[in-house]
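Below you'll find the structure, written out as structure tokens, and then a few comments.
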Amino acid sequence: MISIEETQDLLDEIAESLPPEFYNDLNGGILLLPEEKQSPYSVDGDLWILGEYQRGGMMGRLIKIYYGSFARMFPNAPKERIAAQLRETLLHEFTHHLESLAGERGLEVWDEEQLARYFERKNR
């Protein structure tokens, strides 16, 4: 896995390539956190949270990216693979942000469907 510093550089590049409108009301910004975060829904310790969108609270609206979860899930991945997954994760969290601002929840529904599929696979 690339270092947290290299990951931060990649994340900054990706973030800078996005339209400024994405950042409306994202007052807490984008944080790259060193820890890993396991999903509370993980059945076999195999479900990790790569990123989260947070709205409300003391820090306001922000996006968290978990470096430790990336390291856990992609320990030997080349830099290009990490960059692609970072981009996908960041865009996913921005979609939550933009939908939240618009009063929509389509991606939340999709996430719930993906979780249901995960449980179906685990219960076979």
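Observations on the structure shown:
- A cut-off of 5 Å between modelled amide H atoms, ignoring neighbours fewer than 5 places along the same chain, links residue 38 with 49.
- In order along the stretch 57-67, the phi-based Karplus estimate (6.51 cos²θ - 1.76 cosθ + 1.60, θ = phi - 60°) of 3J(HN,Hα) comes to x, 5, 8, x, 8, 7, 10, 10, 10, 9, 4 Hz; Gly and Pro are listed as x.
- Whole-Hz Karplus values for the stretch 31-36 come out as 10, 9, 9, x, 7, 9 Hz, taken residue by residue from phi with 6.51 cos²θ - 1.76 cosθ + 1.60 and θ = phi - 60°; glycine and proline positions read x.
- Taking every Cα-Cα distance in the stretch 7-49 and sorting them into 10 Å bins starting at zero, the pair-distance distribution P(r) comes out as 22, 35, 31, 11 percent.
- Charge context of residue 35, other residues only, Cβ under 15 angstrom, K/R +1, D/E -1: +1
- Straight-distance candidates among the lysines for linking to residue 37, with alpha-carbon spacing under 19 Å and chain neighbours fewer than 8 residues away dropped: 64.
- Within-14-Å neighbourhood charge of residue 59 [Cβ basis; K, R +1; D, E -1]: +1
- Beta bridges per DSSP with both ends in the chain, % antiparallel, nearest 5: 50
- A crude spin-label estimate for the pair residue 91 and residue 23, with each label 7 Å from Cα along the Cβ direction, gives 2.0 nm.
- Comparing the stretch 4-122 with the 2.2 N^0.38 Å rule of thumb, its C-alpha radius of gyration ratio is 1.07 (two decimals).
- Under the Karplus curve 6.51 cos²θ - 1.76 cosθ + 1.60, θ = phi - 60°, whole-Hz ³J(HN,Hα) for the stretch 74-89, x wherever Gly or Pro sits: 10, x, 10, 6, x, 3, 5, 5, 5, 4, 5, 6, 4, 4, 4, 5
Throughout, read-outs are computed from the coordinates displayed, never taken from laboratory work. All of these numbers come straight from a predicted model, not from anything done at the bench. Using ideal geometry, Cβ is built from the backbone for each residue, glycine included, and neighbour counts are taken over all protein chains shown.
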